[in-house]
Structure formats: structure tokens, C-alpha cells
Amino acid sequence: MLIAVAIFTLGSGICGGANSANMLIAGRAVQGIGAGGINMLIDLIVCDLVPLRERSQFVGLLFIVVSVGSALGPYIGGAIVDSVTWRWVFYFNLPFGGLSFIMLWLFLHTGSQKGGTFAQKLKRIDYIGNAIVMGSTVAILFALTYGGTRYPWSSGRVISPLVIGLIGLVVFHLFERTKWCPEPVLPPRLFGNITSAMAYFITFQHSIITFWILYFFPVYFQAVLGSSPSRAGVQMLPTVTVFAPFAAIAGGMVAKTGRYRPFHQLGFLIITVCVGCLSLLDQNSHTAVWVILQGLAAAGLGMVISTLLPAVQVGLPESEAASTSAAWAFVRSLGTIWGVSIPAAIFNNRFDQLISGIEDPSIRSQLANGQAYQHASRDFLNSFSPDIRDQIIRIYTESLKRSWQIAVVFAATAFLATFAEKELKLRTELKTEYGLENPEQGGQIEEAEPTKEKENEKGAAL
């Protein structure tokens, strides 16, 4: 964790001091390595310190912090850029990275019951599997990023990396099952029971829908309602303000009831209905309509996200906490890639189908071939006459409608998958080889405090 925070902070410094585009890209890559470590290790630390039944409420609290940061980040970043320079957006991370490093150093004293030298531990890393999955993911990310924008989807520069990446993922999963991979980075046994497999699938769909909403509600606000970028940020507040509380509430309810499947079913039922209703929005929709729909969708997303990790881990032994946490973080990250690329492809494809409805050929050329998303702004639309502006807004509306209609399919498949999950009993005791050091026990890890339910069970037995 210390290394991950240090790498992220170093990457921020490189970005802030960048004197070329290549240096900035390299700095962002370093940042990404650190952020990826932080993202996974936070979940892993929770798993090592908290019994399975209690984890949802801690994950919910984490997402409150994430939501606050997501809400404040754009405004703070915009204010910094407007008043100073973009470099301070990155320099801003340095004091917080340093403070985080110091607090971790002072308070997160971890221990392990496992022996072995550092060299022996390094030998256990699945280097080949990591290389295959990273290369495949980068290839897919390249294809999905530039497909329909810089290059057409039919271009070999898009098809080739996409095919190579997908084949690479298949090769990765096959390699993980071979004798040459004694300790795989993503063990096949993690998907060996139906509950864990469905929870991973639901996690993937959840990430897709979350980013679908985050990236395409602003298009509606700016290109259809004619809001400024800052106003569109304010209009996204229902998502930011509702998501986190429902994540915390659902997490706390799982800790009290020991049940996770009802929250998955209710959450995705709400998401499916709300996403379908979003296809009805147009230029004349009342503010209350999109506020309520956005808030309800955020509530559904929130109550699902904090209750997924227990479902992933309930059917697996505690010794798999590291593997399951890493796999869960990987599936979420993979979903964010597709959650931007899939709706963008649908939106741009539909826009190109309808673009003949714009009379001016020069304007059509500006918006064709994947350029509609980047031009979804009030200033761009206001640069045209009222007739042309109405034509463009109409096509934006219809394109968004198609995007939301297909989003229903992703939400509905996740909803159906929740019925395949089994309601297994969540463990109330923590049995792990890792945890906080207890100086009074010679550096051995502390035993987890028994939960209230476990104490009651012991009292009843006596």
C-alpha cells in the first residue's frame, strides 16, 4: 500500500512537471499503476481486518468517500485551471499523497502468519499470466478508445487490436488452468460456484451501467437541454448525492441481516426501469422527471455496489481474499472501459444513421464519424441558426434514446442473473493469515473481535 501511494504521488509529480505530451502520458501511466494498486488494496485491507458479514458496511463507507471526491474533484480542478495552471491539478495530489503515506506508515502496522523470504514470495508471482492479461487489456482499451473516433470501426487499426485482445483474454484463462501456472493471478476456482460467478457478472454489468449514466447524462444536459458544462455538473448532483448514502445503508443492512441477494434484485429492478424511462427524455422534459429518474438510478446503483463483494466471497474460503479482491477490482475496471465504449459506439452509430436530417453538409461533416460526442456543448449548438440547432438537437435526442434502450438489455441481464445467486450464510468470524500487528503478542496479528451475533450465539449455547 505504501508503494502504491508512493507511485501514484510520483506520477502526479511527473505529470505536473511535464514539458511534453509524451512525458505527460508517461506520468499518467505511472499514476495509473499506483491508482490500480490503491484501488485493489483498499478492498483487500478491509477483507483482512473485517469479517465477511461486516464488509459491506465498510465498502459502503468507502464509496461515500469516493463519491465526495468525485463530486468535489471537477469543481476543484476547474477552479485550479481557471485561477492558476493545469499543472497544479497534478501538484495538488502531492501534499495529500504525502499525508496518506505518513498516516499509513504510522497506523497500518500489518503482520502475517506466513513465513518465507522476500525472494521466495517474488517467485510466487504469476508473471506470464500478468503479462498476458495486461497486454490483452491494453489492446482492447486501444481499440475501444479509438474505434469510431480516430479510426472507423471497420479499420484494421481497430479490429486487429480488438481481436488480439479478446483472444489474449481467452489464452490467459486457458494458461491459468495449466500446470505451468501453479499460483495463477486469477484462479479458475474463483468462478467455480454459481454465486461467485454471477456476482462477478453482475459487477461487470454494474460498472458498465454506472459509466453509461455518468458519461451520457451530461450529453443530454448540454446537447439537448443546452446547459453549460458547469451547469451540467450541478445537474449531475442527484447521482453524486444519492449513490453514496444508499451504498452505506445497503452495506449496513447486509451486516445486520446477513442477506445480500434482495439488494441485488431490488437495485437492478430499479436500475432497469429507470434506464428504460430515460429513453423518454427530450428537450421538453420537466426538471423533476430527470431529477427523479437520475436519483432512483443512483439509489439502485448504490445499494448494489456495496453488497457485491460479500456475494463474490461467500462461496470461497477466507484464504482466497486476496485473489477475490483483485479479481473483483479487475472486473470493475474492465467494466468501466466497456461502459464508455459501448454506449459511445451505439450513440455515434445512431447519430450517423440520422445525420441526413441536418440540411447543411458542412455541419454534417463536423458531426459525422464519431464526432458528435465531442461537440455536445451549448456553445457549439448556439453557433447555428434556430432551425439548424433544432435539427441537431432532434438527432442528439434520438441517438440518446437508442443508447438508453440498449442499456436496458445490460441492466435486465444483470437483474436476471441475481436469481441464479444463492443466499449463502455470511461468515461472522475472521480467519486469516494477515491482519494488524499486536505488539503485545510479539508482532503476531490481532484476532478479530467477535461480532455481536457470534456473542449472542455463544450466550445461547451456554
(message) I'd like to know which of Gly357, Val273, Ile213 lies farthest towards the positive end of the charge dipole of the chain, counting +1 on Cβ of Lys and Arg and -1 on Cβ of Asp and Glu.
(response) Gly357
(message) Compute the angle between helix 452-461 and the longest alpha-carbon principal axis of the chain, please, reported from 0 to 90 degrees and rounded to the nearest 10.
(response) 40
(message) Can you give the local net charge around Ile395? Use residues other than it whose beta-carbon is closer than 14 angstrom to its beta-carbon, Lys and Arg +1, Asp and Glu -1.
(response) -1
(request) Would you please classify the overall shape of region 126-184 from the alpha carbon gyration tensor, given that a ≥ b ≥ c denote the square roots of the eigenvalues, rounded means a/c under 1.5, and beyond that prolate means a/b larger than b/c while oblate covers the rest? (result) prolate
(request) Note the listed values (i) 22.8, 72; (ii) 23.8, 84; (iii) 20.4, 64, then indicate which one is Rg and Dmax of the Cα atoms in Å calculated from this particular structure. (result) (ii)
(message) Can you compute the FRET efficiency between Arg150 and Thr110 using 1/(1 + (r/R0)^6), with r the Cβ-Cβ distance and R0 = 60 Å? Round to the nearest 0.05.
(response) 0.85
(message) Run the numbers for Tyr127 and Ile406: contour at 0.36 nm per residue of separation, minus the present Cα-Cα distance, in nm.
(response) 96.6 nm
(request) Going by C-beta contacts inside 10 Å, put Ile406, Ile132, Ile271 in order with the fewest on the left. (result) Ile406, Ile132, Ile271
(request) Evaluate the relative contact order of region 126-184 (contact order divided by residue number), counting alpha-carbon pairs under 8 angstrom at least 6 apart; express in whole percent. (result) 45
(request) Taking the Cβ of Trp290 as the centre, find all other residues whose Cβ is under 14 Å away and add up their charges (Lys, Arg: +1; Asp, Glu: -1). (result) +1
(message) Give me the mean projected area, in nm² to one decimal, of the convex hull enclosing the Cα positions of region 195-427.
(response) 12.6
(request) Sort region 160-207 into rounded, prolate or oblate with this rule: let a ≥ b ≥ c be the square roots of the eigenvalues of the Cα gyration tensor; rounded if a/c is under 1.5, and if a/c is not under 1.5, prolate when a/b is larger than b/c, oblate otherwise. (result) oblate
(message) Given an 8 Å cut-off on Cα distances and at least 6 residues of separation, report the relative contact order of the chain as a percent.
(response) 25
(request) Kindly count the pairs of lysines across the chain whose alpha carbons are less than 21 Å apart, treating pairs on different chains or eight or more residues apart as eligible. (result) 16
(message) Just want the ordering: Met253, Met303, from fewest to most Cβ atoms lying within 10 Å of their own Cβ.
(response) Met253, Met303
(request) Please identify every one of the trypsin sites (Lys or Arg not before Pro) in region 48-138 that sits in a loop by DSSP and has no more than 13 other beta carbons within 10 Å of its own beta carbon. (result) Lys114, Arg124
(message) Whole angstrom only: what separates the Cα centroid of region 49-75 from the Cα centroid of region 231-264?
(response) 10
(request) Determine, for Cys277, Cys15, the number of other Cβ atoms within 10 Å of each Cβ, and report the residues in order from fewest to most. (result) Cys277, Cys15
(request) Label region 1-127 by shape, choosing from rounded, prolate and oblate, from the square roots a ≥ b ≥ c of the eigenvalues of the Cα gyration tensor; if a/c is under 1.5 it is rounded, and otherwise prolate applies when a/b is larger than b/c, oblate when it is not. (result) oblate
(request) Would you work out which of Ala321, Gly233, Phe63 lies farthest towards the positive end of the dipole of the chain? Charges go on Cβ: Lys and Arg +1, Asp and Glu -1. (result) Ala321
(request) May I ask you to evaluate 6.51 cos²θ - 1.76 cosθ + 1.60, the Karplus curve with θ = phi - 60°, for each residue of region 92-105 and list the ³J(HN,Hα) values in order in whole Hz, giving x for glycine and proline? (result) 4, 6, 5, x, 6, x, x, 5, 4, 4, 5, 5, 5, 4
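Every number in this text was worked out from the coordinates using simple rules, so none of it is lab data. Everything numeric here is computed off the predicted structure, so don't read it as measured data. Methodologically, a virtual Cβ is constructed for each residue, glycine included, from the backbone with ideal geometry; neighbour enumeration extends over all protein chains shown.
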